[in-house]
1. Between residue 16 and residue 208, what is the label-to-label distance in nm when each label sits 7 Å out along the Cα-to-Cβ direction?
2. I need to check one value: relative contact order of the range 211-369, counting alpha carbon pairs closer than 8 Å and at least 6 residues apart, in percent.
3. Decide, for the range 3-111, between rounded, prolate and oblate: order the square roots of the alpha carbon gyration tensor eigenvalues as a ≥ b ≥ c, take rounded if a/c falls under 1.5, and otherwise choose prolate if a/b is larger than b/c, else oblate.
4. Relative contact order (percent) for the chain, with alpha-carbon contacts under 8 angstrom and 6 or more residues of separation?
5. Give me the one-decimal nm value for the distance between modelled label points at residue 273 and residue 350, 7 Å along each residue's Cα-to-Cβ direction.
6. Taking the Cα-to-Cβ direction at residue 128 and at residue 55 and moving 7 Å from each Cα, how far apart do the two end points lie in nm?
7. Compute the length gained on full extension between residue 194 and residue 283: take 0.36 nm times their separation in residues and subtract their Cα-Cα distance, giving the result in nm to one decimal.
8. Where a ≥ b ≥ c are the square roots of the eigenvalues of the C-alpha gyration tensor, would you call the range 227-361 rounded, which needs a/c under 1.5, or, failing that, prolate if a/b is larger than b/c, or oblate?
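Any read-out appearing in this document is the output of simple, stated calculations on the displayed coordinates, not a laboratory observation. What you see is a predicted model, and the numbers here were worked out from it, not measured in a lab. Cβ placement follows ideal geometry from the backbone for every residue including glycine, while neighbour counts extend to all protein chains displayed.
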Ligand SMILES: Cc1cc2nc3c(=O)[nH]c(=O)nc-3n(C[C@H](O)[C@H](O)[C@H](O)COP(=O)(O)OP(=O)(O)OC[C@H]3O[C@@H](n4cnc5c(N)ncnc54)[C@H](O)[C@@H]3O)c2cc1C
């Protein structure tokens, strides 16, 4: 039996936790319990963190295997993991920058869903210009004290740990360091933000005199920019991988249009064009990894840009396929449209990806600060 057949058989026969849905890259508060249980089930059967090396409990899975797993999960209507942050971002970043003690402490708990992580990077005044973050971590004896504010932190309300980018020195990139933060530490306040789609996946996170012990530092003091860019590179890689789930979205779009008697020649042509784009993306994604492209490199900026904009265009077309039914409450295709637009912002906006391409690939002059 092929790996894909194994995965499909597992996904369709295994007991699913009550209330498990395909909630996307980050669980909302209502998805966390089922998501944790699902991650534990994946770990128990050898399907958690497929891309991790075997020494850390992964499977050293090839790109083709990761793609097959993601596609089969999309087809089965289940998430491929508890959350993107722990398995896709924090795990690989710890393997690269963390100490043996940090790896032993955190990796098994990420793999089994015991710990849910959030990413504490963006601030009210620092999103695209991440190197300007102003949340401060000042040394206190051998430990640290953190003061400041983060925003747009997905999943912070339920997270056990956060990956924090903070200023430990002067202005600019060299003044940044990265820490693991237990979200239950005294002095942390998490305030959920309500989104226009009614969900509440985002949060503001406030730090007031939060004490961190020395073991919380990840990498070097002043080495935070390298850790942050590695994290963002992994995020782009993961978002690029979403291409494999888009066929399901297109099939749903087509059947919805048929149901509403709106599948005319124009809509069919638009669906076909998007179908071709998704195929091209899937092939480009596989090629980039086969050729050993670096997660932080330009290839994944291209993939992040094109994948998120294709996802957005599928979402927009889905609304056309609904016709007037788009005005009804709780339409899944309307939600998908909103998520599609959000994808062009998170992990670095489309404008920022275009800047990266202009500067690093085309060699154009740098934009004004
Ligand atoms: C669904 C979602 C989940 C998120 N989850 C997290 C999370 O878990 N943790 C976290 O830390 N952050 C998270 N974010 C925040 C995200 O990283 C930021 O929103 C993003 O980096 C943009 O920053 P900003 O919102 O401050 O916009 P700004 O940086 O203020 O940008 C505003 C506009 O100006 C444009 N712009 C800015 N600079 C330039 C430039 N140099 N050239 C051209 N145009 C420019 C931008 O493209 C954008 O259109 C999430 C965002 C979304 C949408």
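1. 4.3
2. Reported as a whole number, the value is 27 percent.
3. Taking the square roots of the gyration eigenvalues as a ≥ b ≥ c, the range 3-111 is oblate.
4. The normalised contact order for the chain reaches 13 percent.
5. 1.4
6. Roughly 4.1 nm, to one decimal.
7. That pair, residue 194 and residue 283, stretches by 28.4 nm at full extension.
8. Note, shape of the range 227-361 comes out prolate.
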